[in-house]
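Data block below; observations after.
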Amino acid sequence: MKCKKITLISLLSALVLIIPAYAANLNKIGVVDFQKILETSKVGKAAQTEIKSEGEKMEEALKDKGTEIETLKKKLERDALVIDRDTRAEREREIRIKINDIKALQKKYMSDFRDLESRMIERIRTQLIGIIEEIGKADGFLLIMEKREAGVLYSPNTVDITEKVIRLYNKKVEK
């Protein structure tokens, strides 16, 4: 009888220790900082470089157009006393057209730039979903949330799996 009590107590003690550990795995929540992944992963850095490069090309094109307009304005000022009124009006009209063209080009470039940026970010986000799902399944997470998008105001570092996601992402990219 005493042996049965000891066995029963041992079994209950084991259950008391095992059940919270099992329940903890069921309630395991992770947090990922997508912005940090964009800033520190190899693919994120490459995307930032490409976006920056495209932005610089667009900026250079706009700068060239602006220089062209300034040159036309200076030429008009220099020739203002020797040209007739109709020629002056025609040149002023050309300058206004070029200014409107540069404004339209600037809007187009801004739109193209935002599209490029959102395409790159969406491509990275799509790639990360698979990696995050792998980590979630392998480590037994109940839920993994994006730190900023989900409105997480505070989370301890113990639930932040961003570094692990970056390491796996970089390994997959190298292959």
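Every number in this text was worked out from the coordinates using simple rules, so none of it is lab data. Treat the numbers as computed from the prediction; the structure is a model and nothing was measured. Glycine also receives a Cβ, built like all others from the backbone with ideal geometry; neighbour counts cover every protein chain displayed.
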THR162, THR40 arranged by Cβ crowding within 10 Å, fewest neighbours leading: THR40, THR162
Long-range HN-HN contacts of MET145 with modeled amide H, under 5 Å: GLY30, VAL31, VAL32
Cβ-derived FRET efficiency at R0 25 Å, THR126 paired with ASN157, nearest 0.05: 0.40
Ascending count of other beta-carbon atoms within 10 Å, so fewest first, for PHE113, PHE34: PHE113, PHE34
Size of segment 65-171 as Cα extents on the principal axes (Å, biggest first): 82, 27, 18
Candidate lysines - alpha carbon under 21 Å from LYS171, same-chain residues fewer than 8 apart omitted: LYS36, LYS42, LYS45, LYS137
Computed FRET value (nearest 0.05) for THR67 with LYS108, which takes r as the C-beta separation and R₀ as 25 Å: 0.85
